[in-house]
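In what follows, a single structure is set out as structure tokens and then discussed.
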Amino acid sequence: MAPKTSPEIGGMGHSVKRKEDPRFLRGLGNYVDDVSLPGMLYLDIVRSPYAHAKINNIDISKATAIPGVLAVITGKDLEKYNLHWMPTLMSDTQMVLPVDKVMYQAQEVAAVLATDRYIAADGVEAVEIDYDPLPVVVDPKKALLPDAPVLRTDKKDKTDNHIWHWEWGNRDATDQLFKEAEVTVKEDIYIPRIHVSSIETCGCVAHFDKVRGKLTVWMTTQAPHAIRTVFALVAGHVGLSEEKIQIISPDIGGGFGGKVPVYPGYVIAVAASVLTGKPVKWIEDRMENIQADSFARDYHITAELAGKKDGTLTALRIKTLADHGYTDAAANPSKFPAGLFHVCTGSYDLKAAHVEVDGVYTNKPPGGIAYRCSFRVTEAVHTIERMADLMAHELGMDAAEFRMKNFIKPEQFPYKSALDWEYDSGDYGKALQLAMDRVGYNELRKEQVEKRARGELMGIGISSFTEIVGAGPSKHFDILGIKMFDSAEIRVHPTGKVIARFGTKSQGQGHETTYAQIIAEELGFPVDGIAVEEGDTDTAPYGLGTYASRSTPVAAAACAVACRKIKDKARKIAAYLLEAHEDDLEWEVGKFFVKGSPDRAKTIQEISLAAYTNHPPGMEAGLEAVNYYDPPNLTYPFGSYICVVDIDKGTGEVKIRRFVAVDDCGNIINPMIVEGQIHGGLTMGLGPALYEEIQYDESGNILQGSFMNYLLPTAVETPNWETDKTVTPSPHHPLGAKGVGESATVGAPAAIVNAVVDALWHLGVRHVDIPITSAKVWKLLRDAGVRE
Ligand code: CDP
């Protein structure tokens, strides 16, 4: 059998040898792929070799002639049920399967349903499609030119490729400060398109039980409840009602924002199962995942910073083009089409700021997902940390001293930023000082002077970032109208064992451990008697899921509040059992005792049993609580990272010699998990800084369509991360904790770029766009006349 994928996809003649090792190709650890049901059918997808083309005809006759191929589903089939388009999370529309044209290379065009995975792949091979190529737009700047072809011809009255304009801040005050400024710096910064590369690809098993009329979908999703509601809203008219939909997100091998959107494959599998009454499995292979799933970033930024000659910053002005591909499928809170990009004043006390973003359509897959980031915070941090560094260098000031001068001071918290955020707590100077002490900053600066005199290239880069996580307070945050709270439901059994369920969904962050720890610390139950469950919409309380480091700020808070409700009831039961007034009881983890008489005590286990066997008259039996937590504010974790690089003049290779990361996520629940989050996050910051980028040629062919040329850092490239911490509790979180999962991915790239620019500044280099490949640095060196 010939390899399945057409050589055009990816533009590099690769092939997917599906029979060799399908598990590997579909990503390691795909738990959904392990779901196997009797009579299960397999779905495989025909993808477009063109980035923009009219579909003249789809000939399925050869495919359906293959024994075992049961059907080939096209857009026209779905159109009969009005399921050929679906809404995106940003209220745009996305094709499930096209009816008349394709909009990006590797887009789904038809789906083959077969009795076996390999027969489905053979069926894909046999579908013949007649296309007429259309003009392609890949550059968002060109997409906005008056003569650019209009891409979304499906939208009546649409005459251009502009999606939305969004702005925030005080334009007049900002412009005035720029007029008055003694010094300004300006830079174009491109933050390239990158792709979430979870170890496990996406997929689902959809099972519509005709007898019970119930749809169960095991799927790789970070937000099972939101998916259930979206399915009910989109497919209610074909009989899928929310109480008859069960979404199960089993253990999933990494999400990082890429498993928030609904991909066409999920919808087609559901439609196929409803039509056939059989379970249907769809699992992407590795290249489908990288070529067709939602992308991150792709921000073209022009930033300006104003200040005084003594180094005091005053104002920030930003204009940005956001390339969203052919549809805006970002998973942002509804009110904020550019996510939380307006946290871009960072850790600095600015008088005014103004930010403008324009969303643009191009012939690329949907973009704008929050890649291990709280909705565009990586882009914001990268911009302000590059600009602050640029200003410090321009003024000839030390980058650390410059930051110390401009930081929001500890006594200014809670701090209202120039772009309206209320930062909860912070001590930025302390974190930077600790990082400087750990790395030996002053000695390194001396070494740099000596090395520069010898013609050697060494740089020291700082990134003192502020994150914003925990979406969110429901007054500002919703997704498709669903308010962004989260939930915990804790039930104590008579024998003192606990089951706790949450609206979040771990993808490897260790929620089972940390939630159990919170319950153990709040109520005194041993952790090994606490079962933690997430991800099954039939049992877990409604929640918005896990992304944007929101689990600790929101669901862990819900967990603490639910525990405290249980403790209040336990106190009443203990008072009844001890024949004491509840005000006379004291709590020591695991038991209530009468003040002054520690022997008169009831353990939490005794109280648990009594809740079902001997509870006070008039009180409801049982010991359980639910909390839907609506946070009063977001949490603002922060940190200071210092990166030391040496650059090879001959090859342009950037070698990271040291990387010290000081993080502050408030009170820490589990130090080992937090350290793991930071190590992983730093490595996911290193990748985009030095290696990762998805590019397209003029015809819309993806140039990095597989791991052959989309480079990810391995253990070989990854430096020894040196981590440390400060602890500045969040004043409004019940546990004083802030989120941490994304801090390092958000904060690391700027430290690396700043180190590289610091090494090359004396050669006239002012900025390098990520990824900083050896080839880019080599060219900068040659342009500056540097020879080995
Ligand atoms: O939402 P997500 O789980 O991705 O991010 P997070 O809330 O930052 O939490 C990541 C992991 O770190 C979870 O297991 C948390 O419980 C843990 N964590 C912690 O132990 N202490 C903190 N202050 C923050 C997170």
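Side notes on the structure shown:
- Search result, residues across the stretch 620-668 that are within 15 Å of the ligand (Cβ to nearest atom) and of a type in the set (S, T, N, Q): Thr635, Asn667
- Of the set (1) more than 11 Å from the ligand (Cβ to nearest atom); (2) open to solvent by 40 Å² or more (accessible area, probe 1.4 Å), all apply to Glu512 but (1).
- Close Cβ contacts (under 7 Å, 6 or more residues apart or on different chains) running from residues in the stretch 590-602 that are within 25 Å of Val527 (Cα to Cα) to residues that are of a type in the set (Phe, Trp, Tyr) and in a strand (DSSP E or B) comprise Ala601/Phe592; Ala601/Phe593; Lys602/Phe592.
- Output for the stretch 666-692, where each listed residue is open to solvent by less than 10 Å² (accessible area, probe 1.4 Å) and either closer than 17 Å to Ala556 by Cα or assigned to a loop (DSSP other than H, G, I, E, B) (or both): Gly666, Glu692
- Some residue of the stretch 87-109 being under 24 Å from Gly277 (Cα atoms), out of contact with any Cys (no Cβ under 9 Å at 6 or more places or on another chain) and aromatic (Phe, Trp, Tyr): no
- Hits in the stretch 734-765 (condition: within 14 Å of the ligand (Cβ to nearest atom), under 22 Å from the mean Cα position of the chain (by Cα) and either outside any strand (DSSP E or B) or surrounded by fewer than 24 Cβ atoms within 10 Å (Cβ to Cβ) (or both)): Lys738, Gly739, Val740, Gly741, Glu742, Ser743, Ala744, Thr745, Val746, Gly747
- Residue match in the stretch 485-503 (condition: more than 30 Å from Tyr612 (Cα to Cα), open to solvent by 10 Å² or more (accessible area, probe 1.4 Å), modelled with pLDDT of 95 or more and under 19 Å from the mean Cα position of the chain (by Cα)): yes
- Of residues in the stretch 115-149 being of a type in the set (Gly, Ala, Ser) and more than 34 Å from the chain's Cα centre (by Cα), the one least open to solvent (accessible area, probe 1.4 Å): Gly123
- Residue match in the stretch 383-392 (condition: at pLDDT 95 or above and either open to solvent by 20 Å² or more (accessible area, probe 1.4 Å) or touching a Pro at 6+ places or on another chain (Cβ under 6 Å) (or both)): no
- Tally of residues being open to solvent by 30 Å² or more (accessible area, probe 1.4 Å) and over 19 Å from Ile499 (Cβ atoms) across the stretch 556-584: 10
- Of all residues in the stretch 630-655 being open to solvent by 30 Å² or more (accessible area, probe 1.4 Å) and part of a strand (DSSP E or B), the one that is farthest from Gly543 (Cα to Cα): Asp646
- Pairs, first over 18 Å from His767 (Cα atoms) in the stretch 680-693, second of a type in the set (Lys, Arg), C-beta under 6 Å, six or more apart: Met684/Arg372
- Each residue in the stretch 543-555 was checked for being out of contact with any strand residue (DSSP E or B) (no Cβ under 6 Å at 6 or more places or on another chain) and either part of a helix (DSSP H, G or I) or open to solvent by 10 Å² or more (accessible area, probe 1.4 Å) (or both), and 2 pass.
- Scanning the stretch 693-727 for residues that are open to solvent by 40 Å² or more (accessible area, probe 1.4 Å), of a type in the set (Asp, Glu) and not in a loop (DSSP other than H, G, I, E, B) turns up just one, Asp724.
- The residues of the stretch 462-484 that are surrounded by fewer than 24 Cβ atoms within 10 Å (Cβ to Cβ), on the phi < 0 side of the Ramachandran plot and either without any contact (Cβ under 8 Å) to a residue 40 or more places away in the chain or in a loop (DSSP other than H, G, I, E, B) (or both), listed by number, are Pro473, Ser474, Lys475, His476.
- Residue check for Ala560: under 43 Å from the mean Cα position of the chain (by Cα) and modelled with pLDDT under 95: no
- Among the residues listed as Ser487, Ser474, Ser463, the single one being touching a strand residue (DSSP E or B) at 6+ places or on another chain (Cβ under 7 Å) and over 25 Å from Phe638 (Cβ atoms): Ser487
The values are calculated or read from the model by the stated rules, or taken from the named source; none is laboratory data. Quantities reported herein were computed from a predicted structural model and do not represent experimental measurements. Reconstructed Cβ throughout: ideal geometry from the backbone, glycine too, with neighbour counts over all protein chains shown. Side chains included, ligands, DNA and RNA excluded: accessible areas come from the protein's heavy atoms. Shrake-Rupley method; radii C 1.70, N 1.55, O 1.52, S 1.80 Å.
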